[in-house]
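Just so it is clear, none of the values below were taken in a lab; they were calculated from the coordinates. Since we're looking at a predicted model, the values are computed, not measured. No Cβ is skipped: glycine too gets one built from the backbone with ideal geometry, and neighbour counts run over all protein chains shown.
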């Protein structure tokens with residue numbers, strides 16, 4: 001800013017003194033209407049037999065733009081016709097990194113604000129020291145806002161020839177040197193492409209791309225017919241680079257495959273020139289999945305901050321509605337052995353182990369699935385109806401166990417002491433496992449950005465983050481079980497514990513019922529009937545098993561046990577085809593998770609853009625039937641009267657992106673906002689622009705405020 | 001996005017053919033009102049060669065070619081039995097929008113334009129179906145309804161009138177090839193010009 005100001009002052013001063021024509025390397029800027037153009041030099045003088053860089057600068061009026069060498073769908077690149085002294089010759093423009101300029105359904109590539117376009121000028125060896133030559137550039141710009149205007153500037157620059165080492169021009173040298181330094185260069189990247197009528201796959205590996213995550217990577221081809229310019233470029237990260245998948249342009253669509261694909265690859269602030277040959281993509285250019293966009297809150301601190309967030313998120317997870325029924329189990333067992341300090345410690349550690357092992361297994365599966373290129377996120381296991389079905393049966397079994405229908409690892413005599421016995425160790429471990437599995441549908445505050453970061457890290461970093469999530473979840477129980485003072489506050493064991501246990505069975509029945517409902521959305525009513533039948537059989541088997549435990553005569557015991565096993569085998573035989581057939585999602589699921597009061601429409605990015613263009617605010621609810629936090633938010637915030645009124649008043653549109661079943665588009669949108677799971681609430685302003693992300697726990701006040709604010713944005 | 005999808009749909013038949021065929025997709029059907037208020041559709045021109053020209057009277061590139069080049073092409077083509085349809089896909093309020101058929105005809109008279117018809121497509125439906133990106137953006141459809149050329153009007157993507165003299169006119173070449181019963185030597189080129197001012 002200061003440099004520009006002083007440049008302007010000095011320029012003005014020089015012009016005022018009438019030095020403009022006399023000073024070497026100096027020309028007056030020309031205003032062509034929407035552009036102020038100038039011709040400037042890097043060095044103070046030209047040396048015979050060398051190359052000097054001069055640059056055309058464009059100061060473009062706000063709201064207008066000029067074009068890159070490939071102008072995209074429309075437009076025209078800036079061109080320069082040189083008139084040079086004999087022997088002098090001009091090279092090609094060194095193009096600055098372009099920007100994307102969406103115009104309606106089209107996409108152009110070019111520049112706004114200010115752009116500097118250097119050109120190498122070859123000085124002949126025979127140039128006479130002491131003479132001053134004039135370089136003349138006839139520059140044609142197409143400058144467009146909504147409409148396009150061809151503008152023309154005749155620029156000239158007086159350059160003195162001297163036979164001494166070049167010195168940078170004190171006034172303009174920096175500007176040209178910076179433009180040259182910033183221009184995209186090859187940077188030792190290896191690139192390979194595969195082209196078909198549907199699209200272009202461009203795999204790039206090399207130093208600057210190693211181990212990085214570049215969700216914003218974008219390829220600007222030199223050839224204007226190669227790709228579909230407005231098409232989405234999908235990024236896949238790899239250990240050594242990245243792979244872009246780009247929809248085909250008209251040349252590729254008609255089968256014209258080039259021998260080489262050249263262009264500029266941008267990754268955030270950096271840009272590189274790429275020249276790709278046809279062939280097999282190198283192994284290191286893919287395999288790490290779609291990189292998540294930078295997390296809104298976790299990106300400054302990277303992994304350490306994400307670990308901290310993960311721990312906090314794990315702690316808060318204890319309070320979330322989905323984990324609660326499982327934790328009630330844990331509470332029951334804690335109460336049972338509260339007065340045996342050693343036993344309590346062992347139980348606490350077993351629970352911790354259960355939590356950690358499950359978290360790591362889940363994280364491993366998640367990382368593996370993403371590495372295989374699947375668009376999965378947190379809670380992905382609940383997108384499989386088979387998993388949900390089995391889980392609902394596990395919940396039912398757990399509830400029946402708490403109800404006393406059968407006992408795990410102990411006999412029916414002395415129910416209270418039984419829990420504290422040796423078999424309870426496996427029970428504690430199992431409780432930990434269950435806690436994590438059902439925790440998945442809940443993303444607590446802090447957890448979402450942490451998981452978002454985790455999925456962008458190499459495996460080790462993300463495992464560390466998941467480990468701390470588990471530590472956070474288990475921490476309160478481990479802390480209690482290691483604190484004799486706290487344990488002493490628990491009442492003494494007695495018959496009350498049996499009552500408590502039976503009361504706590506009911507949250508588990510509730511959890512089972514909820515999972516059955518989720519399953520019905522995924523697998524439809526036929527699947528539901530089969531699952532309910534399975535539930536009936538499971539309950540019957542549990543009762544038979546309980547009966548066998550209660551029998552004193554070995555023969556009847558054996559009979560009941562055998563019947564239990566036979567029935568269990570029957571259940572498995574029914575479940576397998578069910579799990580396979582149940583994968584077909586029902587179309588009604590989107591409607592089912594929305595509230596009755598707030599009319600909604602299914603989410604699509606195109607529809608959001610269209611509504612924004614109409615000037616209407618849009619609220620997008622990324623949700624899933626298995627996401628308890630989402631359901632709670634729907635009930636306590638989104639389907640309340642004030643919110644419905646606020647939507648009406650603002651003429652806002654409520655959109656639901658339902659992730660109950662797998663959906664790559666939704667997974668991508670979540671990842672674009674640094675998330676790996678639901679819920680996510682986005683509010684788009686009426687005047688366009690980016691969305692605001694609402695907190696994960698909604699209140700009616702927060703939603704109405706956000707909607708009101710959106711009408712003004 | 002939807003443009004991409006439409007283009008893919010339009011291009012889908014190509015995919016089953018050998019990649020050496022430059023371009024041989026059936027041209028997308030359309031049904032659009034012309035300047036006289038008559039509904040015109042592709043099917044009525046069966047058996048005739050059809051040229052589609054996207055226009056925006058305010059665009060410098062259109063002005064460049066309406067310095068005489070476009071009109072001459074129109075006259076030569078229509079004299080040869082070719083149907084020449086000039087399409088305006090500018091949305092209301094945008095540059096190049098004709099408020100009614102009268103405005104379009106007034107423009108044509110003032111510029112001595114000689115198309116077979118001017119089609120008014122303010123909703124952009126026909127433009128999107130063809131993936132028209134620029135003004136001018138040219139398409140040639142042969143007698144069997146196959147799209148055999150699409151792209152720029154010539155190979156000099158500038159807005160300077162003097163470049164017309166030295167440019168190779170792709171449309172004239174494609175029409176000559178079609179007339180001689182050949183596939184156009186150049187079936188695809190990069191269209192150039194102003195963006196089509198579609199409804200936002």
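For the peptide A:249-259, the mean number of other protein chain Cβ atoms found within 10 angstrom of a residue's Cβ is 6. Full extension of the segment from residue A:82 to residue A:543, taken as 0.36 nm per residue of separation minus the current Cα-Cα distance, would add 156.6 nm.
Placing a label point 7 Å from the Cα of residue B:179 along the Cα-to-Cβ direction, the residues of region B:35-60 whose backbone N falls under 19 Å from that point are B:47-53. By DSSP, the beta bridges lying fully in region B:46-200 are antiparallel in about 50 percent of cases.
Ordering A:76, A:197, A:160 by the number of other Cβ atoms within 10 Å of each residue's own Cβ, fewest first, gives A:160, A:197, A:76. From least to most packed, judged by other beta carbons within 10 angstrom and beginning with the fewest, A:603, A:543 follow the order A:543, A:603.
What the Cβ-Cβ distance of residue A:665 and residue A:36 gives, at R0 = 51 Å and to the nearest 0.05, is a FRET efficiency of 0.70. Neighbour counts of C-beta atoms inside 10 Å place B:75, A:489 in the sequence A:489, B:75, starting with the fewest. Only residues of region B:56-96 count here: report those whose backbone N is under 17 Å from the spot 7 Å along Cα→Cβ of residue A:613, or say none. Only B:89-96 fall inside the zone, counting backbone N under 17 Å.
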